[in-house]
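Read through the structure below, which is laid out as structure tokens, and then see the notes.
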Amino acid sequence: MLTEPEPGAPERLRFTFPRQRRDRRLCLADFYRPRESGEVDVVPFTVVTMGQPIADYANELFAADAYRDYLEVHGLGVQLTEALAEYWHRRIRQELTFPGGVAVASEDPDDVEDFFKLGYRGARFSLGYGACPDLEDRAKIVALLEPGRIGVKLSEEFQLHPEQSTDAIVCHHPEAKYFNT
């Protein structure tokens, strides 16, 4: 990541991703233009949260031994967080444009079922999974996005709090799909 959108700009942050051990031996960095290309690419980052109130309510249910209600509220909070992350991923695709000004989202499928099959261009990679397993990279995303403004904090173990929060690195490359290393 550069300090400004110029090919010769100083480096602000560096992320290192593992390569797949099989197939094409890809890593997330392969989905962005190399610095040597002379072109600057866009690397969107996100942090979203459902906030502390839903976590507090779920904890109250757990403390009251209302385990079924706890599981339902907790599950709802997790699903809402994931839906919010998908919403912002779509907004990113709408704002990213190809040369000529056509939005990346123009390639989104017409059938809503295809969204569930990840039939859109690119992917959203959350930290802690195979393509970007280094949770310490969360500190870099926190430094960039300052999620304390929306009530999200990073623990010493590099976990986001409240629990119903998630972060991601968004790749807009057409070949960017989920994979394990």
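Values in this text are rule-based calculations from the coordinates and carry no lab data. These numbers come from a predicted model, not from an experiment. Glycine gets a Cβ as well: all are built from the backbone with ideal geometry, and neighbour counts include every protein chain shown.
Taking N as the number of residues in the range 81-181, what is its Cα Rg relative to 2.2 N^0.38 Å?
Its radius of gyration relative to the 2.2 N^0.38 Å reference: 1.16.
Once the piece of chain linking PHE115 and TYR129 is laid out straight, how much longer is it, given 0.36 nm per residue of separation minus the C-alpha distance between them?
3.0 nm
DSSP loop trypsin sites (Lys or Arg not before Pro) in the range 1-36 with at most 16 other Cβ atoms within 10 Å of their Cβ, which ones?
Loop-located and lightly packed - ARG12, ARG14, ARG19, ARG21, ARG22, ARG24, ARG25.
Take GLU72, GLU4, GLU163 and order them by how many other Cβ atoms sit within 10 Å, fewest up front.
The most exposed by this proxy come first: GLU4, GLU72, GLU163.
Please list the radius of gyration and Dmax for the range 7-146, considering alpha-carbon atoms only, with Å as the unit.
In Å, with Rg to one decimal and Dmax whole: 18.7, 59.
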